[in-house]
Amino acid sequence: MPPRRVTTSTIRSMKRRGERIPMITAYDYPSARFADEAGIPMILVGDSIGNVVFGYDSTIPVTMEDMIRAAASVVRGANRSLIVADMPFMSYQTDAGTAIRNAGRLLQEGGAHAVKLEGGRTIAPVIQQLSDAGIPVMGHVGLTPQSVHSIGGYRVQGRSQKGADALMQDALAVEEAGAFAIVLELIPAELAAEVTRRLRIPAIGIGAGVNCDGQVQVLHDMLGLALDHKPRHARQYADAGALIRQAIANYASDVQTGAFPGDEESFFSSGPPVREGAAGQAASLSERCA
Ligand code: KIV
């Protein structure tokens, strides 16, 4: 029996049951398989692909084609997780018709189950139209990286009373427009707790403290693969960067010394030479180098 797919209703019922929701990003088939097999209920194909995979200094250059290709790879790798794909910069901000067409492409061509878009009250009418068109939407308020140039940098949002009030209004507008969940990025923990308490939909935090309904992290930050910047809100669970560097250096050295490939990685027309023990290894090596 194939495993039952997590749905937006599953995610909403997790909030009702007080079950915390772990979410991480994935951008390709292997990372999606790892996340799915680890039991992550919801995977984000984030436009952070622009930063951590493509090496851009923001998410702004990411295109619909980039997101569709990434979403399709992630969907192929995940049997159970709900796949949410980010709508890239300028794929939804101009008008609802463009937003519906592009969100439709992420579902039809990318195979995603839901889309995420950034913004509060100003974007709520678009969220409403997408929801009316049957497209599940996740909202995203607080630090909205696609607006980095108008915000003036990657900084904590909602610190002042006025900012906190505006953020609360934005989150409520996103819920009212029909979003099934919302990301709260880089806001004070107290404010995130209050927003989470006021919302009926799950609030998934990143740099928003522990009292959200769930947490989302960028995979490369968690694995030690984010090369240019390690955000303070991220916890590194592995140093895959160090492992990869060491593995590649070992490979290069094995090629240089002739230790790779060995007989077991080679093909012979009449079977491998029969040798035993260390002597056999040495003979094999000198033969290959001769
Ligand atoms: O693109 C992304 O990875 C995101 C998360 C930071 C929430 O939007």
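The values are calculated or read from the model by the stated rules, or taken from the named source; none is laboratory data. Just so it is clear, the model here is predicted, and its values are computed rather than measured. Positions of Cβ are backbone-derived with ideal geometry, glycine not excepted, and every protein chain shown enters the neighbour counts. The accessibility values were calculated without ligands, DNA or RNA, using every heavy atom of the protein model including side chains. Shrake-Rupley method; radii C 1.70, N 1.55, O 1.52, S 1.80 Å.
Taking every protein chain into account, the 1.4 Å probe leaves MET138 with about 0 Å² of accessible area, to the nearest ten. Taken over the stretch 8-239, the alpha-carbon convex hull comes to 110 cubic angstrom per residue.
For the chain, the share of DSSP beta bridges that are antiparallel, to the nearest 5, is 5%.
Based on protein heavy atoms only, the chain ends up with 52 Å² per residue of surface accessible to a 1.4 Å probe. For the pair the stretch 230-266 and the stretch 169-209, the centres of their Cα atoms are 40 angstrom apart.
Normalised by the number of residues in the chain, the mean separation of alpha-carbon contacts (under 8 Å, six or more apart) gives a relative contact order of 14 percent.
Residues whose amide H lies under 5 Å from that of HIS140, counting only those 5 or more places away or on a different chain, are LEU117, GLY119, VAL183; hydrogens are built 1.01 Å from N in the peptide plane.
Restricting the trypsin sites (Lys or Arg not before Pro) of the stretch 170-216 to loop positions (DSSP other than H, G, I, E, B) with no more than 16 neighbouring Cβ atoms within 10 Å leaves ARG200. Return the long-range amide H neighbours of ALA85 (sequence gap of 5 or more, or a different chain), with a cut-off of under 5 Å between placed amide H atoms. Amide H neighbours of ALA85: VAL45, HIS113, ALA114, VAL115, LYS116. The chymotrypsin sites (Phe, Trp or Tyr not before Pro) found in the stretch 34-63 that occupy coil by DSSP, while having at most 16 further C-beta atoms within 10 Å, are PHE54, TYR56.
Under the combined filter of DSSP loop state and at most 16 neighbouring Cβ atoms within 10 Å, the stretch 1-77 retains these trypsin sites (Lys or Arg not before Pro): ARG4, ARG5, ARG17, ARG20.
Return the carbon/sulfur percentage of the accessible area of the chain, one whole number, probe 1.4 Å, all protein chains in place.
Percent of accessible area from carbon and sulfur atoms in the chain: 54.
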